[in-house]
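**Student:** One structure follows; several queries about it will come next.
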Amino acid sequence: MDWLRAWMMPPQGSEFAKEIDFVYMALFWMSVLLFLMIAIPSVYFAWRYRYKPGRVTPHQTHNTTLEVIWTVGPLLLCVGIFFWGLNGWMKYSVAPGESMEISVTAKQWLWQFEYPDGSRTINDIHVPVNKPVKFTMTSEDVLHDFYVPDMRVKHDIIPGRYTQIWFTPTVLGPHNFTCAEYCGKDHSGMKGNLTVDNDADFAKWMETGGTEWEDYFNGKDPKKTPADWGKITYERVGCNSCHTTDGTKSKGPSWKGVYGSMVQLNNGTSVLADEAYIRESMMQPQAKVVKGFDPIMPTFQGLLKPNQANGLVAYIESLK
Ligand code: HEC
Ligand SMILES: [Cu+2]
């Protein structure tokens with residue numbers, strides 16, 4: 001009966017999909033069976049005991065055996081189905097600890113995603129195959145609902161609250177997701193694409209990150225180089241409050257022309273500004289202090305996601 005399932009349901013893209021379809025099809029066939037068990041005798045009896053002049057209906061009180069069977073039988077069936085469903089629900093509700101976490105912010109009428117490394121995307125999700133992924137979701141405005149049919153997951157998103165879903169994708173390639181809670185004028189356009197990648201493609205995708213949200217709203221090209229990410233990070237985490245990129249001295253030295261130059265330090269020595277030096281300056285700024293400046297730069301150890309730190313290095317490198 002696989003053809004029937006395939007015809008009734010979207011493709012199966014996750015481990016949940018198989019289990020949920022199995023429960024669903026079992027309930028479907030039970031319903032078909034019960035329907036036939038009631039409908040066929042009803043039609044038959046209506047014909048068999050139809051009105052005939054002179055036919056007298058015998059007096060019936062009850063039949064204890066029959067009544068016990070048709071009460072206890074369905075009762076056991078329902079209790080069984082309840083525990084079956086509960087078991088699935090428990091699994092569905094609690095994500096495994098090793099899940100990759102993606103934050104979801106829904107708003108009228110688009111989806112914003114943020115990855116553990118700080119990459120952000122709009123209406124576009126990439127996940128690695130066969131690894132559990134957890135979505136922590138909230139809304140900026142009204143009720144929305146995150147629905148990924150192929151994965152058989154769906155959950156309300158509520159402003160001011162966080163809800164979660166998770167799944168383990170098993171089928172490579174594109175899958176759809178959509179908003180499943182009417183949320184206003186463009187609700188029907190609130191959808192996007194989830195791509196399940198193999199590990200190599202996923203790593204490659206993570207390196208470039210996704211669409212920057214602000215750019216998306218300004219209608220700009222979503223593809224970014226690491227240096228582009230560095231420029232965004234420079235502004236976002238506040239390096240720009242002490243560093244300029246045009247050669248002007250601020251609270252800290254300008255980044256223009258630093259990369260590859262010999263930097264004079266306050267201890268009288270000098271050092272080549274290579275990638276290692278730039279990284280050390282971000283993570284342990286007091287290790288080597290530039291001559292003529294106070295050691296006021298805070299450490300960014302633990303505050304920068306890997307893709308942000310890589311981006312900053314690339315950005316500084318690009319400022320010839
Ligand atoms: C509160 C001000 C302040 C902030 C914010 C700040 N820096 Fe600095 N930074 C300095 C100062 C002052 C120096 C020079 C003294 C020293 O080396 O510690 C410096 C030095 C550096 C150097 C070495 C530059 C050279 O000419 O050799 C690098 C690289 C650097 N910072 C990167 C960063 C990055 C990346 C960020 C943001 C993630 C950042 N800084 C944020 C104040 C700041
Ligand atoms: Cu919506």
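**Student:** Of Val43, Met282, Gln264, which is farthest on the positive side of the dipole of the chain, counting Cα position, with +1 on Lys and Arg Cβ, -1 on Asp and Glu Cβ, and the Cα centre as origin?
**Tutor:** In the chain, that residue is Val43.
**Student:** May I have the extent of the alpha carbons of the chain along their three principal axes, as whole Å values ordered from largest to smallest?
**Tutor:** The Cα atoms of the chain stretch 121, 37, 35 Å along their principal axes.
**Student:** Please work out whether region 1-95 counts as rounded, prolate or oblate from its C-alpha gyration tensor, where a ≥ b ≥ c are the square roots of the eigenvalues and a/c under 1.5 means rounded, while otherwise a/b larger than b/c means prolate and anything else oblate?
**Tutor:** Oblate is the answer for region 1-95, as a/c is 1.5 or above yet b/c matches or exceeds a/b.
**Student:** Using +1 on the beta carbon of Lys and Arg, -1 on that of Asp and Glu, and nothing else charged, what's the dipole of region 42-101 about the Cα centre, debye to 20?
**Tutor:** 760
**Student:** Related question: In terms of the Cα gyration tensor, with a ≥ b ≥ c the square roots of its eigenvalues, is region 132-197 rounded because a/c is under 1.5, prolate because a/b exceeds b/c, or oblate?
**Tutor:** Verdict is oblate for region 132-197.
**Student:** If you don't mind, another one. Compare the Cα positions of Met90, Met100, Gln60 along the charge dipole of region 1-130 (+1 at Cβ of Lys, Arg; -1 at Cβ of Asp, Glu; about the Cα centre) and return the one farthest towards the positive end.
**Tutor:** It is Gln60.
**Student:** Rank these for me by crowding, Ser254, Ser281, going from fewest to most other beta carbons within 10 Å.
**Tutor:** Fewest-to-most Cβ neighbours within 10 Å comes out as Ser254, Ser281.
**Student:** Compute the distance in nm between two label points, each set 7 Å from the Cα along the Cα-to-Cβ direction, one at Lys91 and one at Tyr24.
**Tutor:** Each label point lies 7 Å from its Cα, and together they span 1.6 nm.
**Student:** Same structure, new question: In percent, what relative contact order does the chain have, based on Cα pairs under 8 Å that are 6 or more apart in sequence?
**Tutor:** Relative contact order of the chain: 15 percent.
**Student:** Right, here's the next one. Specify which residue in the list Gly184, Ser241, Ala314 is farthest towards the positive end of the charge dipole of the chain, using unit charges on the beta carbon of Lys, Arg (+1) and Asp, Glu (-1), about the Cα centre.
**Tutor:** The Cα lying farthest towards the positive end belongs to Gly184.
**Student:** Give the order of Lys305, Lys131, Lys320 when sorted by the count of other beta carbons within 10 angstrom, beginning with the fewest.
**Tutor:** Listing Lys305, Lys131, Lys320 from fewest to most nearby Cβ atoms yields Lys320, Lys131, Lys305.
**Student:** Under 20 °C and 1.002 mPa s, how fast does region 100-218 diffuse according to Stokes-Einstein, given a Kirkwood radius computed over C-alpha pairs? Answer in µm²/s, whole number.
**Tutor:** Diffusion coefficient, whole number: 150 µm²/s.
**Student:** Say a paramagnetic label sat at a point 7 Å from the Cα of Val271, along Cα to Cβ; which residues of region 289-303 have their backbone N under 15 Å from it?
**Tutor:** Within reach of a label on Val271, which here means backbone N under 15 Å from a point 7 Å along Cα→Cβ, region 289-303 contributes 289-301.
**Student:** So, one more: For the chain, set up a GNM with springs between Cα atoms under 10 Å and report which of Ile81, Ile20, Ile158 has the largest fluctuation.
**Tutor:** Residue with maximal mean-square fluctuation among Ile81, Ile20, Ile158: Ile81.
**Student:** For n ≥ 4 DSSP H runs only, could you compute -39500 (n - 2.57) per run for the chain, divide by its residues and tell me the 222 nm figure to the nearest 500?
**Tutor:** -12500 deg cm²/dmol
**Student:** Let me ask another. Kindly put Ile122, Ile157, Ile278, Ile38 in sequence by how many other C-beta atoms sit within 10 Å of each C-beta, fewest to most.
**Tutor:** Ile38, Ile122, Ile278, Ile157
**Student:** Calculate the dipole size of the chain relative to its Cα centre from +1 charges on Lys and Arg beta carbons and -1 charges on Asp and Glu beta carbons; express the result in debye to the nearest 20.
**Tutor:** Approximately 800 debye in magnitude.
**Student:** If you build a Gaussian network model of the chain, linking Cα atoms that sit under 10 Å apart, which residue out of Ser139, Ser250, Ser119 swings the most?
**Tutor:** Among Ser139, Ser250, Ser119, the largest mean-square fluctuation in the Gaussian network model of the chain belongs to Ser250.
**Student:** A further question follows. What does the charge count near Arg152 come to, summing +1 for each Lys or Arg and -1 for each Asp or Glu among other residues with Cβ under 10 Å from its Cβ?
**Tutor:** Once positives and negatives cancel, what remains is -2.
**Student:** Ser103 to Phe83: FRET efficiency via 1/(1 + (r/R0)^6), r the Cβ-Cβ distance, R0 51 Å, to the nearest 0.05?
**Tutor:** Efficiency at R0 = 51 Å is approximately 0.90.
**Student:** Would you mind calculating the gained length between Ala46 and Asp186 on full extension (0.36 nm times residue separation, minus the Cα-Cα distance), in nm to one decimal?
**Tutor:** Here the answer is 45.2 nm.
**Student:** Now, a different point. Straight-line reach from Lys231: which lysines have Cα under 27 Å away, leaving out those fewer than 8 places along the same chain?
**Tutor:** Result set, ordered by chain and number: Lys107, Lys204, Lys220, Lys223, Lys249, Lys251, Lys256, Lys288, Lys291, Lys305, Lys320.
**Student:** Going by average Cβ neighbours within 10 Å, how do the peptides 111-117, 183-189, 170-176, 142-148 rank, with the highest at the top?
**Tutor:** Result, highest mean first: 142-148, 111-117, 170-176, 183-189.
**Student:** Quick one: among Val104, Val94, Val72, which has the greatest mean-square fluctuation in a GNM of the chain with alpha-carbon springs under 10 angstrom?
**Tutor:** With Cα springs under 10 Å in the chain, the top fluctuation among Val104, Val94, Val72 is at Val72.
We did not get these values from a lab; they are worked out from the coordinates using the rules stated. A quick note: this is a predicted structure, and the numbers were derived from the prediction, not measured. Please note: Cβ atoms are built from the backbone with ideal geometry, for glycine as well, and neighbour counts cover all protein chains shown.
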